[in-house]
Amino acid sequence: QVRLVESGGGLVQPGGSLRLSCAASGFTFSSYLMRWYRQAPGKERELVAGITSAGDTTTYADSVKGRFTISRDNAKNTSYLQMNSLKQEDTAVYYCYARTWLYGRLDAYWGQGTPVTVSS
């Protein structure tokens, strides 16, 4: 069974840090690009960060650049999102996403989401 299981969310004060994890199983993790999205109440889901299958290239939304770091450990089938200097505007449900092209078809999976609340 294909699974993306997220963990590490919770309540944190402004200026604090959290590390989100996304544990993958049921597919060849090293062949998939990974992304983190987030969705705040009443807002559209937005792309936060992405990383290539080999981990050699990363991209970030302007709103998190310099504060967040996406990474992956293909030996552990896990992607991470290190979040530093958190702001109230970062409050959202964070989702893990995996994608590749397999036999001419898009193959993609979503995690269940983990909530992050930044508040004093």
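The values are calculated or read from the model by the stated rules, or taken from the named source; none is laboratory data. Because the structure is predicted, anything quoted here is derived from the model rather than measured. Methodologically, a virtual Cβ is constructed for each residue, glycine included, from the backbone with ideal geometry; neighbour enumeration extends over all protein chains shown. These area figures cover heavy atoms from the full protein model, side chains too; ligands, DNA and RNA do not enter into them. Shrake-Rupley method; radii C 1.70, N 1.55, O 1.52, S 1.80 Å.
Quick check on the range 1-13: of everything there that is part of a strand (DSSP E or B) and of a type in the set (Val, Ile, Thr), which residue is farthest from LEU81 (Cα to Cα)? Selected residue: VAL12.
Evaluate the following for GLY55: is it over 18 Å from SER85 (Cβ atoms), part of a loop (DSSP other than H, G, I, E, B) and out of contact with any Ser or Thr (no Cβ under 9 Å at 6 or more places or on another chain)? So GLY55 does not fit the description; no. Here the range 28-39 is the region considered, the condition is being open to solvent by 30 Å² or more (accessible area, probe 1.4 Å) and of a type outside the set (D, E, K, R), and the residue that is farthest from LEU102 (Cα to Cα) is GLN39.
The set of residues in the range 61-80 that are open to solvent by less than 60 Å² (accessible area, probe 1.4 Å) and closer than 12 Å to ALA23 by Cα comprises ARG72, ASP73, ASN74, ASN77, THR78, SER79, TYR80. Scanning the range 83-112 for residues that are open to solvent by less than 60 Å² (accessible area, probe 1.4 Å), assigned to a strand (DSSP E or B) and not hydrophobic (A, V, I, L, M, F, W, C) turns up TYR94, TYR95, TYR97, THR100, ASP107, TYR109. Scanning the range 102-120 for residues that are on the phi < 0 side of the Ramachandran plot and not hydroxyl-bearing (Ser, Thr, Tyr) gives LEU102, ARG105, LEU106, ASP107, ALA108, TRP110, GLY111, GLN112, PRO115, VAL116, VAL118. Taken over the range 98-120, the criterion of being without any contact (Cβ under 8 Å) to a residue 60 or more places away in the chain and either under 30 Å from LEU11 (Cα atoms) or polar (S, T, N, Q) (or both) is satisfied by ALA108 alone.
Of the set (1) outside any loop (DSSP other than H, G, I, E, B); (2) in contact (Cβ under 8 Å) with a residue 40 or more places away in the chain; (3) loosely packed, with under 15 Cβ neighbours inside 10 Å, all apply to GLY16 but (1).
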